[in-house]
1. If you plug each phi of the range 74-79 into the Karplus form 6.51 cos²θ - 1.76 cosθ + 1.60 with θ = phi - 60°, what whole-Hz ³J(HN,Hα) values come out, in order, with x for Gly and Pro?
2. Which residues among the range 87-118 fall inside the zone where the amide N is under 11 Å from a point 7 Å beyond the Cα of Phe35, along Cα→Cβ?
3. Within the range 97-161, how many lysine pairs that are 8 or more places apart, or on different chains, have C-alpha atoms less than 16 Å apart?
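Read the figures in this text as sums done on the coordinates, not as results from a lab. Because the structure is predicted, anything quoted here is derived from the model rather than measured. With ideal geometry, Cβ positions are generated from the backbone for all residues, glycine too; neighbour counts draw on all protein chains shown.
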Amino acid sequence: MGIKVRVRIVNLKIERKYRYMAIENQVDDIDHFSFQLGMINCFVEMVACGVKQLAISPPLSASQYEIIAPYSERIVNGFGIGSYFENSLMVTVLQSAEFTRNKCSILYFKNEITLRFYLELKKRQTRLIESDHYGAEAQKEISIAFMKILSYPPDVIEAKLSGIHPDPFILIEN
């Protein structure tokens with residue numbers, strides 16, 4: 001009996017491996033709208049449960065935003081948190097300018113203090129850039145504050161600052 005169990009476990013592992021390999025090549029078959037909405041639902045739940053202070057939707061084109069916004073709002077209302085349309089997400093070491101160029105995002109938060117902190121941080125970044133005082137140390141400081149409000153742990157912040165992961169990974173390209 002022990003041998004049959006082991007054979008079945010090995011066969012299941014092999015089946016999973018081949019199933020995974022088949023799925024890996026079918027990314028184009030995934031419905032973009034549902035994928036984005038699933039990401040939003042997950043992020044909203046993390047904010048509502050207190051896992052994250054602030055969460056950001058995937059970068060959206062204007063047309064994608066128009067379609068997804070009413071559904072996002074239903075999710076937000078269902079979890080009892082707030083959202084904010086962000087036409088120009090601040091650029092930090094967390095993501096490149098290219099990652100969000102010509103795209104908008106939806107910010108998700110549990111309380112207005114979090115949103116105000118983000119908006120003040122963005123204004124501060126803008127003032128530093130406009131006054132030509134946005135050097136390496138200021139960029140690092142702004143990036144750390146941004147990642148902290150996104151509830152990134154210190155080790156992840158350090159990894160992001162080192163340039164290991166320049167842009168968040170999203171399975172489906174916009």
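1. With coefficients 6.51, -1.76 and 1.60, one gets 5, 5, 4, 5, x, 8 Hz.
2. none
3. 7
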